[in-house]
Amino acid sequence: MSSPFLSTSEKSRGLKHHYRHQLLNGIGFNFLGDTPVYLLALYFGATNTELGFISSVLYVAGILLSITPRLLAGKDIVKIQYLAWLIRGVLCLSYTALFFLQGRAAVWLILITYTLFCSSRIVGASMYQPLIRMISTTRNRGNVLAGSSLRFQISATLSKVISFAVTSLKHLGGVTGILFMTLGGVIINTFAALEIKKIPCREKVRYKKGRNVFVIFLESVKVRNLRQRIILSIINAGLIVLFGFAVPFLRNDAGFSNSEVFLVTVTAGIATIASAYFSKGFADRLGSRPLIIWVIVLLTAASLLWALLPYTPYKAVYYLALFLSTFFLRANDLLVNRLIVGSMPENDSVGFSSMLNFFIAFFALIIGITGGKLADFSKISDSFAAVNGYSFTFIFAAVLCLFSLFISLRIKESGSISPAEAASIIFSPSNLSTYQSISKLDSTENAIQRKTLLMNIGLNNSKMATDEIRNILSSPLSSDKGELITSLYTNHRPILLPELLHEAEEPYSYHRLKAIFALGAYPSVETQDLLLRLLDDQDPAVVSNAAKSLGRIGCTTAYDKVKKLASFPTTIWNTLNFIIAMYHLDTGGEYLNDIFSVDKTANGDTFNQTVYSLYANLYQMEPPLSVIFQERNMMKGQGLRDFLDEAREEEKFLHNHRNFLEWFRDDELENIWNLCKDILQTKTVPDYYSGIKKSIIKFPSDKGAYDDALAAVYFTYQLLKM
C-alpha cells in the first residue's frame, strides 16, 4: 500500500505546477472577477446593497460547502480543483449577453453569473489549504503560502496594467473593453486549470456519515486555539469584503474613471506583492501571531483613514491610502492563512476547510450587506456627520479590526516570539540586519559569506541572535557551531553558559576545545569546577586549554598544578596555552625564567619565533616582535635593520648599532649574547621582569640560532626601556 503522503520530489514537482497555476490564475481571475465585475455593476446601476453582495459573494458561495464533502467523498482534491476552474471560466461566457442588455436585467445577469462563478471557485478554493499542506512542510509553509500569493499578485498586477491600457483606449473605455478582457480571461483561466491537473496527489476528500460542517464546527470551537483561529479567519474575510468598497468609493465619490480605477488597483497589486515579501521574510521564523498583532493595529489606522478621507483633487492621497490598507489587509490574510493551514486536522483537512469556508460565507454575507447598508446610511444621514459616502462602512471595518486584535492577543502559537520582540526586529535597523543575516544563513553555501553572516550574528546582542546561536549550538556537527562558540569568548552571553559547559564537558564533542577556550570569558563556580576537573583529562590539548581558561578566569587555586603541567608540553599549541595560563596565574613572573632554554631552542625556528612573539604580545611590547620575525622571514636582515634603527634611542644600542648589524650578518651570535649579558648585568629591572634578565644571562652564549639571538636583543632592549 503506497503512502498517502507525497515524496520530496513529488512535493517539489507539485509546487512547481502550483506556482505556474498561480501565475496564470492571477491574470485570469483579474479579468473575470474582482474589479471588472464592480465596474460592470456600477455601469448598469447596481445599488450599494448589491455592491455589498458582490463584495461578499466570493465568500458567500461557501454556503455550498455544507454538502461538498458528502458529494465529493473519495474524489481526488486536485481533480476537483481542476474541474472547478474549468467550469468557472465557461460560466463567464454569459457576460457576452451584456452587449444586448441594459438596466436591471443586466445587473441581475451580473449578480447571477458572478454568484455561479464564485460558487464554482469556492469548491476549488476549499481544496487550496489541503493542497498547500500536501505540497509543503512545517518548515517552509509560510514561505510557500507567501510564494503562492506573490506569483498570483505579480501576474494580477500585470493584468491590471493591461486593463488600464485597454480601458484607456477611446473605443474600449466602457463596457466593450471590459467584456473583451473577460473573454481573454476565460482562455487564460483554462491554461491555469491545466497546470492544476499536473500536480501529484494522493489526497482524497474524506467524509464520514454524520460529520457535516456543523458537527465539525462544534468540535473545532471546543478547542480554544482552533476557535480563535476560526474567528480570526471570519474577521479577516469580513475585512476583505469591507475594503472592497474602496472601488465604488473611488468611482462614485472620488470621480475616478474606469481606466483610473484599474490604474489605482495596480497600486493595490504592488502593495499585495510587498505584503507577500513581508510574510515570506518573517512568518516562518517569527511566527504569525506577533505579526498579526502589529498588522491589525496598523490596519485599524488605515480603516479610520478611509473613514475620514474627504474628497480631494490630489489623487495621490487615494493611491497612498489604498497602498497602505491593501498591504496590511493582505499581510493579515497570509498570516491568518498560515495559522489555519498549520492547525488543520490531518485526517479531515477537506472537511475542516469546507466547514471554515461555509461559516466564512455566512458571516461574509452579513458583513457585506451591512457594509452596503452603512454606505447608504452615510449618504442620507443628517444626524451624524459622514466625511464621505462610505465613512460608516470603514468605521465598521475599524471595529472588526479591534475585535481581531483582542483575539490575536489571546491566541497561542508554538514557536512564535512576543509582539515586543517582533517590533524590536522589524523597527530596529540593527536587529533587522541581524535577522536578515540569520535568514541568509539558511540559504547561502558560500563559505566566506557564511563566515561574514556568522560574525554579524555573533556581534549582535539581541535575544533573536542569542536564540539563533543556541539553536546552532544544538547541532552535533556544524562548522557554523565552531565559529559561534569562538565568538562567545569576545561577545559574552552568560545566558548560554550552560550550553558551553555541556559542550566542554562532553568528551566526544567535535567543538570541545573551542568551548573550553570560550569558558575563559565566563568566571563562575560552575566554570571553575569543570575546568579543574579537565586538568586530569587524558587529552593533552584538553588539559592545556583548560589551564589557559583557568588562568583567564583568575583561578589561583590551580597555580601549582598548572605550573607542574606546563613543564611537559607536547605541541606548540599546548606550549602557547600554558604560557598564557601562567601569564595570568603567576603574579610574580617566575615563569619568565624559562623564556630562553637550550631544550626549547631545539624545536626549530617556527616554534621559537611563535613562542617569543607570544611573550612579547602578552606584554604589548613595541615594536611587535612578530612583525620583526615576519619581515625577517621574507628577507634575512630586513626586520632586524628596522628594529635596530628604532632601538638607537637607547644609548647602549646606539653605541653598538654597527656591531649588532655586523655580528648578525656574519652569524657571530656568541658576541651578540655576550653583549646582551653585559648590558643587563648592571641594569636594574622591575622584580616581575627579572626572570627575563636571568634567562638571558644564564643562557649559554655558544648555543642557540639566529632567531634566539634576535629575540635576546629584542628583550634586552625592552628591559632597558623599563
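Where a number appears in this text, it was derived from the coordinates with a stated rule and is not lab data. Note that this is a predicted model, so its numbers are computed, not measured. Quick reminder, even Gly has a Cβ in these numbers, built from the backbone with ideal geometry, and neighbours come from all protein chains shown.
The table for this structure:
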item	result
Anchor Lys600: lysines whose Cα lies under 24 Å away (excluding residues fewer than 8 positions away in-chain)	Lys548, Lys561, Lys563, Lys564, Lys636, Lys677, Lys693, Lys694, Lys698, Lys703
Whole-Hz couplings from phi, Karplus 6.51/-1.76/1.60, listed for region 23-32; x for Gly and Pro	4, 6, 5, x, 6, x, 5, 6, 8, 9
Dipole of region 610-685, positive direction: furthest Cα of Val685, Pro624, Ser613, with charges on the beta-carbon	Ser613
C-alpha center-to-center spacing [region 480-541, region 352-370] in angstrom	57
Tail fraction, Cα-Cα pairs, region 387-467, threshold 23 Å, whole percent	47
Viscosity 1.002 mPa s, temperature 20 °C, Stokes-Einstein D of the chain from Kirkwood C-alpha radius, µm²/s	68
Hz values of 3J(HN,Hα) by residue in region 682-694 - Karplus curve (6.51, -1.76, 1.60), Gly and Pro given as x	9, 8, 8, 10, x, 3, 4, 8, 5, x, 5, 4, 4
Highest average packing first - 696-705, 10-19, Cβ atoms within 10 Å	10-19, 696-705
Simple spin-label estimate for Leu194 and Asp537 in nanometres, 7 Å along Cα-Cβ	6.5
Extension gain (nm, one decimal) between Glu622 and His502, 0.36 nm per residue minus Cα-Cα	39.2 nm
Euclidean distance of C-alpha centroids, region 3-34 and region 236-275, integer Å	26
Among 551-562, 517-528, the order from most to least packed when residues are scored by Cβ within 10 Å on average	517-528, 551-562
Inverse mean reciprocal Cα-Cα distance (Kirkwood Rh) of region 212-309, Å	16.2
The chain, relative contact order [Cα under 8 Å, separation at least 6], %	13
Cα gyration tensor of region 579-722 - equivalent ellipsoid semi-axes, whole Å, descending	21, 17, 15
Theoretical gain in end-to-end length, Leu101 to Ser418 [0.36 nm per residue, Cα-Cα removed]	108.5 nm
Inter-label distance for Thr556 and Thr8, nm, one decimal - labels placed 7 Å from Cα along Cα-to-Cβ	5.8
Fraction of the pair-distance distribution of region 622-661 above 12 Å, Cα-Cα pairs, percent	56
Cβ-placed point charges (K, R +1; D, E -1), dipole of the chain about Cα centre in debye, nearest 20	4220
CD proxy at 222 nm, helix term only [per DSSP H run n ≥ 4: -39500 (n - 2.57); per residue of the chain; nearest 500]	-23000 deg cm²/dmol
Region 522-530 - phi-based ³J(HN,Hα) in whole Hz, Karplus 6.51/-1.76/1.60, Gly and Pro as x	10, x, 6, 4, 5, 5, 4, 4, 5
Cα-Cα pairs of region 357-510 separated by more than 22 Å (percent)	61
Estimated inter-spin distance, Lys683 and Lys703, nm [label 7 Å along Cα→Cβ]	2.1
Packing-based order for 320-327, 535-542, 332-339, using average beta carbon neighbours within 10 Å, highest first	332-339, 320-327, 535-542
Between helix 349-380 and the chain: long-axis angle, C-alpha atoms, 0 to 90°, nearest 10	70
